[in-house]
1. Take the alpha-carbon centre of segment 308-371, take the same for segment 91-143, and report the distance between them in whole Å.
2. Tell me the net charge near residue 99. Cut-off is 10 Å between Cβ atoms, residue 99 excluded, with +1 for each Lys or Arg and -1 for each Asp or Glu.
3. In the chain, with Lys and Arg counted as +1 and Asp and Glu as -1 at Cβ, which of these residues, 106, 287, 63, has the Cα nearest the positive end of the dipole, that is, farthest along it?
4. Mind listing P(r) for segment 336-434? All alpha-carbon pairs, 5 Å bins, whole percents.
5. Once Rh for segment 336-381 is found with the Kirkwood sum over Cα pairs, what is the Stokes-Einstein diffusion coefficient at 25 °C and 0.890 mPa s, in µm²/s?
6. Please give the length that would be gained between residue 438 and residue 11 if that part of the chain were fully extended, namely 0.36 nm times their separation in residues minus their C-alpha to C-alpha distance (nm, one decimal).
7. Go through 91/121; 291/446; 155/258; 33/285 and tell me which ones have a Cα-Cα distance over 28 Å in this structure.
8. Give me the Å³ per residue figure for the convex hull around the C-alpha atoms of segment 182-440.
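What follows draws every value from the coordinates through simple rules; no lab data is involved. This one's a predicted model, so the numbers in the text were calculated from it and none came from an experiment. In this analysis, Cβ positions are derived from the backbone assuming ideal geometry, glycine residues included, and neighbour counts consider all displayed protein chains.
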Amino acid sequence: MRLAFVTDGVNQTLLYRETEEDEFAEVITTNFKQTLAPIFFEFDNGSVIYALSNLDRDKTAVVKYDLKEKKELEELFIHPDVDISGISYSKKRKVPTTISYTIDKLEREFLDDVTKNIFSKLESKIRNDELYITSSNKEEDKILVYAGNDRTRGKYFHYNVNTEELTELAELSPWLNSNYMAHMKPISYKSRDGLTIPGYLTLPLGVEAKNLPVIINPHGGPWARDRWGYNPEIQFLANRGYAVLQMNFRGSTGYGNKFWESSFKKWGQTMQDDVTDGVNWLIEKGIADPKRIAIYGGSYGGYATLQGIVREPDLYAAAVDYVGVSNLFTFLNTIPPYWEPYRKMLYEMVGDPATADSTMMRENSPVYNADKIKTPLFVAQGANDPRVSINESDQMVEALKNRGIIVEYMVKDNEGHGFGNEENRFDFYRAMEKFLAEHLGGRVYKETDN
């Protein structure tokens, strides 16, 4: 054991010792905005690591770092637009093999001709899929491969490197017919202040991309990101006749620190503008019917749903808030015990209610702006949610009902942050498709449907 970490949940100290007889010594302490993530040791030098690092740079790069000298030795690879997500190696041949990152889809930079040749052969046999080598034997000549795309849950294959024989082992959810599934298309648009906002647009099958009913689907987190691939919820909505827009608004991860930090204390403000700008982009393109646009999201996406119908009361014909935040004060006051180490970090990222931030937080808490809402709303909440307390939904629903606004409210007593029980998911999606059909005119599944 040569490496260890000490953390308070926000700041992290990397410790190193050369042998087990030595005491651990501090190498570096980083805060939550900084990354120095060891991946593996250099094969012929036990004090040098390959690591992911954003120290003194905006985008996360692959570097070599000397633990003894406590300094970076070399930057191996950095992408100008996105963070690097990983670096792989051959245990047998003791060489680094690939560097991975995601722009619209997964991309690789090859460091090793053997590995490059293997992927080239695989890609010639399995087209239009994202490929992952999930495991191999010690000789690295028999490998397990996963291949997936936006219209299936994917397949597993066995590949013999020596004979180049590829054998299908299993298909995940083989009852899903890819011919009935919609394509997820990478897109991008400009925000009103000039940022490039990447995203994905899924169009329903068999109809022209013109004047369509649309679901705007901001992701949760908010410090996460949407990715290309099979998404059963998106396919469900597309099957009901809706175009679905997912956007990686500012604050989404994977696009560098500047893009991420531009979301700090901007909940419901420029972050929301990025969502609205995506709606307007669809309208300008002629894809969206301006009178048939809904917004739906969970967790932070639920907050963005509520804030969307506060700030743009005439833009959306319907809204679905799934376990979403409505009050920034009560959200921060009811964080679960296991989030307690992150409290100061959340104050920096969302707002500190004990400072001048309180004015901003009140202005951007949907519950205090219920008088601006006139959009029909469906709210779903788990009674035992530890992250977004049921009080978030209760107070929002009460504020709207007091004004006579249409609100459908589904509470499941045996659920937490999102519905995990199958019967509850059935109830939620049946209710949501009915609600959306009523306000946007999409299709509702009937038992007689094939």
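1. Centre-to-centre (Cα) distance: 43 Å.
2. On the way: positive: 108; negative: 107, 109.
Summing Lys and Arg as +1 and Asp and Glu as -1 gives -1.
3. Positive-end residue among those listed: 287.
4. With a bin width of 5 Å, the distribution comes to 2, 11, 17, 17, 19, 16, 11, 5, 1.
5. Values: Rh = 12.9 Å.
After rounding, the answer is 191 µm²/s.
6. Value of the extension gain: 148.8 nm.
7. Details: 91/121 21 Å; 291/446 26 Å; 155/258 37 Å; 33/285 37 Å.
The pairs that break the limit, which is 28 Å between Cα atoms, are 155/258; 33/285.
8. Working: hull volume 31.7 nm³, N = 259.
Convex hull volume per residue, Cα atoms: 122 Å³.
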